[in-house]
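Student: Here it is, the structure in full.
The values are calculated or read from the model by the stated rules, or taken from the named source; none is laboratory data. Since the model is a prediction, treat every value here as computed from it, not as a measurement. In this analysis, Cβ positions are derived from the backbone assuming ideal geometry, glycine residues included, and neighbour counts consider all displayed protein chains.
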Amino acid sequence: MAEAIAKAALPPTVYVASAGVRAGERDPFVDSVLSEHGLDLGTRRPQLYDDLEDDYFDLIVTMAPEAHHMALDAMGTQSVEIEFWPMPDPSVATGTREQILDAYRDLYRRIVKRFGERFPAFREP
């Protein structure tokens, strides 16, 4: 979700990629919430950190403690900013479809808010 938001709001010259710490399937609730905002992941599939094509970054943003520790270990002594933006995991939400979607909508709003705080020129796509 964060990758789609960033790619829509940042110039195409900015390299944006996302990766997880565990293999997983594409989450249809993510697609639903992105669609509500006119965003689309296209054919993008979840990938692991080790699957990234590039290993040089200016900034790494992590949203889960496990991902944060992995990024710190992986970057070692490289000069890269690593920021932890703690976010709730909507995949653990229970209830009706609408209640689960609300958890994903909340995540979307939180990500947009953090982007705006970190990058003053950021405008929600």
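Student: Which condition does K7 not pass, out of (1) under 13 Å from the mean Cα position of the chain (by Cα); (2) in contact (Cβ under 8 Å) with a residue 12 or more places away in the chain; (3) under 19 Å from I111 (Cα atoms), if it passes all the others?
Tutor: Only one criterion in (1) under 13 Å from the mean Cα position of the chain (by Cα); (2) in contact (Cβ under 8 Å) with a residue 12 or more places away in the chain; (3) under 19 Å from I111 (Cα atoms) is unmet by K7, namely (2).
Student: Which condition number does P86 fail, the rest of (1) outside any helix (DSSP H, G or I); (2) free of Cβ contacts under 8 Å to residues at least 24 places away in the same chain; (3) surrounded by 16 or more Cβ atoms within 10 Å (Cβ to Cβ) being met?
Tutor: Condition not satisfied by P86: (3).
Student: A follow-up question, please. When F84 is evaluated against the numbered criteria (1) touching an Asp or Glu at 6+ places or on another chain (Cβ under 9 Å); (2) over 17 Å from V112 (Cβ atoms); (3) at pLDDT 95 or above, which criterion, by number, is the only one it fails?
Tutor: (1)
Student: Hey, another quick one. Got a number for residues in the range 2-21 being in a loop (DSSP other than H, G, I, E, B) and out of contact with any Pro (no Cβ under 9 Å at 6 or more places or on another chain)? Give the derivation first.
Tutor: Kept after step one, since they are in a loop (DSSP other than H, G, I, E, B), are these residues of the range 2-21: 10-19, 21.
Pick out the ones that are also out of contact with any Pro (no Cβ under 9 Å at 6 or more places or on another chain) and you get 10-17, 21.
Residues that pass the stated criteria total 9.
Student: Which residues, taken from the range 51-62, are at pLDDT 85 or above and more than 11 Å from V21 (Cα to Cα)?
Tutor: Once the filter is applied, which keeps residues that are at pLDDT 85 or above and more than 11 Å from V21 (Cα to Cα), the range 51-62 yields F57, D58, L59, I60, V61.
Student: Okay, moving on. Note down all Cβ pairs under 8 Å where the first residue falls in the range 41-65 and is within 15 Å of E81 (Cβ to Cβ) and of a type in the set (S, T, N, Q), the second is at pLDDT 85 or above and loosely packed, with under 15 Cβ neighbours inside 10 Å, and they're at least six residues apart or on different chains.
Tutor: T62/E83
Student: One residue is enough: does the range 45-64 have a residue meeting the conditions under 20 Å from D31 (Cβ atoms), in contact with a Lys or Arg (Cβ under 9 Å, 6 or more places away or on another chain) and among the basic types (K, R)?
Tutor: The answer is yes, given that some residue of the range 45-64 is under 20 Å from D31 (Cβ atoms), in contact with a Lys or Arg (Cβ under 9 Å, 6 or more places away or on another chain) and among the basic types (K, R).
Student: Considering only residues that are modelled with pLDDT under 95 and aromatic (F, W, Y), look in the range 1-49 and name the one that is farthest from T62 (Cα to Cα).
Tutor: Checked the range 1-49; the qualifying residue farthest from T62 (Cα to Cα) is Y15.
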